[in-house]
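In what follows, a structure is listed as structure tokens, so that the remarks can point back to it.
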């Protein structure tokens with residue numbers, strides 16, 4: 001079956017599969033496998049797939065999400081020769097004035113975040 005025909009076919013079968021009873025689900029699944037050439041488990045995943053948007057990312061919001069902060073941190077990291085996070089933490093106070101002379105003044109909030117950053121969070125640039 002061509003890709004252009006497969007998506008509408010799967011959409012129809014998906015609605016039928018979700019409303020069917022257990023015995024009819026097995027028949028629908030066999031039919032989808034035969035028509036589309038899918039393995040059984042993959043067909044089950046495709047038929048159970050929801051069109052609803054995925055839920056929001058769980059967990060705490062990122063602490064250092066500011067684009068300005070990430071830009072300055074990346075510049076400092078590159079300027080220091082890509083130091084490891086523990087060494088970068090101690091190098092930031094020494095390198096920050098030099099970076100400000102070269103790239104412009106950093107906001108007070110960004111400066112505070114840079115000086116208080118934990119070594120575990122200072123990587124990832």
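Below, the figures for the structure above:
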| item | result |
| --- | --- |
| Global form of segment 67-115, assessed from the alpha-carbon gyration tensor, a/c cut-off 1.5 | prolate |
| Relative contact order for the chain, counting Cα pairs under 8 Å that sit 6 or more residues apart, in percent | 21 |
| Acute angle (nearest 10 degrees) that the helix 85-103 long axis makes with the longest principal axis of the chain, alpha-carbon atoms | 70 |
| Label of the coordinate-derived value, log10 I(q)/I(0) by the Debye sum over Cα atoms at q = 0.11 Å⁻¹, listed as (i) -0.59; (ii) -0.38; (iii) -0.63 | (i) |
| Shape call, segment 1-65: gyration tensor on alpha carbons, a/c limit 1.5 | prolate |
| Angle in degrees between helix 22-36 and the longest Cα principal axis of the chain, rounded to the nearest 10 | 80 |
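All of the numbers you see were taken from the coordinates with simple rules; none came from a lab. Bear in mind that the values here come from a model prediction, so they are computed numbers and not experimental data.
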